[in-house]
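Enquirer: If you scroll down you'll find the structure; I have some questions about it.
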Amino acid sequence: MNKLSQRMRYIEANGTGEPDILRLAAGPIPELKPDEVLIRVLAAGVNRPDVLQRKGLYPLPPGANPILGLEVAGEVVGIGRTVTEFKPGDRVCALTNGGGYAEYCAVPKLQCLPWPEAYDDIRAAALPETYFTVWANIFQIGHLAQGESLLVHGGTSGIGVTAIQLAREFGCSVYVTAGSQEKCNACIRLGADAAINYREADFAEPISELTNGRGVNVVLDIVGAPYTLRNLRCLSMDGRLIQIGTMQGSIVESLDLMNIIMHRLIVTGSAMRPRSTWEKGMIAKALRKTVWPVLNAGRCGPVIHQVFPLAEATTAHRLMESGTHIGKIILKVST
């Protein structure tokens, strides 16, 4: 396999800062550990943690690949000595430990999944980061159950699009916030019961009206401190606030703990990247059993906003930071 003796193209971050620090570079192809597969990357997803890492605001876990990119789709071209689940030629998508913005990426076998039926590389690359995150936080940590209700902030983000569809698929009501009427309309088309333009209304009041004063069972939030008190007011008895981001701050002042006590609220959260390979593997196993049949049936798939060549990662990051996209931003890496 003479391809594996060659160097690969990848996106290098020259320090930390604005998107223009990203540049196309060449370097060695990753060496495989015993439990890893080597993927020839066809497409890679662009996610907000990539932006935070570029800015120097997302410390890498020990042993993580410093190259940007947390999800890929491509072809297996090499396997470690303990890998029996995959073979060269298999088409997989994977949640990576970094290294996705490159022609080749080494990924633990447990973090790989087959492409859903009828998917191409672009759609498959849009799956891992958001589907792992949504499944782990809403369904495993948040225990969202059939007949319950969910409030999602950032309804047109990759996370939001996935959360809307999966919650509806499994029999739940979904309410979202978004920053324009166009985005609210997109959320309704995806299956949201109601969408609130946060630039025009305080979301807590409409949620109370929409739920006849009961509130929602689960809130999934990426905003952080400015939303926390209102999120808690939106929760029903035994409600769960799941924090997966703090885009506008992490320090909350004037928090009345009695509200949590009297309503038996749970405030929790998680980050995906620091989890162990075993933990990520358990999420992958649950997705393959529960969600992949839905994707194979043609439901609950990703929404692709725009695809850029690998060399245009800078432009892709600018679009991500603009917040104008609806769904996923993808880099086309190889053909």
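The values are calculated or read from the model by the stated rules, or taken from the named source; none is laboratory data. Bear in mind the structure is a predicted one, so any value in this text is a computation, not a measurement. All Cβ positions, glycine included, derive from the backbone under ideal geometry; neighbour counts span all protein chains shown.
Enquirer: Looking only at strands (runs of 3 or more DSSP E) that lie completely in the range 258-335, which have at least 3 residues being crowded, with 20+ Cβ neighbours inside 10 Å and in contact (Cβ under 8 Å) with a residue 40 or more places away in the chain? Break it down into steps so the answer makes sense when it comes.
Expert: Values: elements: 266-269, 304-309, 328-332.
Result: 328-332.
Enquirer: Given the criterion out of contact with any strand residue (DSSP E or B) (no Cβ under 7 Å at 6 or more places or on another chain) and assigned to a helix (DSSP H, G or I), identify the matching residue among 49, 62, 34.
Expert: Just a single option satisfies the conditions, and that option is 49.
Enquirer: Here is a follow-up. Listed residues 192, 201; which is outside any helix (DSSP H, G or I) and at pLDDT below 95? Walk me through how you get there before you give the answer.
Expert: Details: 192 fails: at pLDDT below 95.
The unique qualifying residue is 201.
Enquirer: Still on this structure, please answer the following. Looking at (1) surrounded by 17 or more Cβ atoms within 10 Å (Cβ to Cβ); (2) part of a loop (DSSP other than H, G, I, E, B), which is the one condition that is false for residue 183?
Expert: (2)
Enquirer: For the subset of the range 204-237 comprising residues that are part of a loop (DSSP other than H, G, I, E, B) and more than 23 Å from the chain's Cα centre (by Cα), which member is surrounded by the fewest Cβ atoms within 10 Å (Cβ to Cβ)? Can you show your working first?
Expert: Of all residues in the range 204-237, those part of a loop (DSSP other than H, G, I, E, B) come to 211-215, 222-224.
Subsequent filtering for residues that are more than 23 Å from the chain's Cα centre (by Cα) retains 211-215.
On the way: 211: 19, 212: 7, 213: 9, 214: 14, 215: 22.
So, considering only residues that are part of a loop (DSSP other than H, G, I, E, B) and more than 23 Å from the chain's Cα centre (by Cα), the one surrounded by the fewest Cβ atoms within 10 Å (Cβ to Cβ) is 212.
Enquirer: Let me ask something additional. Would you check if residue 126 is of a type in the set (A, V, I, L, M, F, W, C), farther than 19 Å from residue 281 by Cβ and in contact with a Pro (Cβ under 6 Å, 6 or more places away or on another chain)?
Expert: Values: of a type in the set (A, V, I, L, M, F, W, C): yes; farther than 19 Å from residue 281 by Cβ: yes; in contact with a Pro (Cβ under 6 Å, 6 or more places away or on another chain): yes.
Taking the combined requirement at face value, the residue satisfies it.
Enquirer: More than 15 Å from the chain's Cα centre (by Cα) and of a type in the set (S, T, N, Q): which single residue out of 97, 65 fits that description?
Expert: Details: 97 fails: more than 15 Å from the chain's Cα centre (by Cα).
Result of the check over 97, 65: 65.
Enquirer: Filter the strands (runs of 3 or more DSSP E) completely within the range 98-159 down to those with at least 3 residues that are in contact with an Asp or Glu (Cβ under 7 Å, 6 or more places away or on another chain) and not aliphatic (A, V, I, L, M).
Expert: Working: elements: 104-108, 112-114, 149-153.
No strands (runs of 3 or more DSSP E) qualify here.
Enquirer: Moving on. Only residues that are closer than 20 Å to residue 41 by Cβ and in contact with a Leu (Cβ under 8 Å, 6 or more places away or on another chain): list them for the range 289-304, please.
Expert: Filtering the range 289-304 down to residues closer than 20 Å to residue 41 by Cβ leaves 302, 304.
Across the range 289-304, the qualifying residue is only 302.
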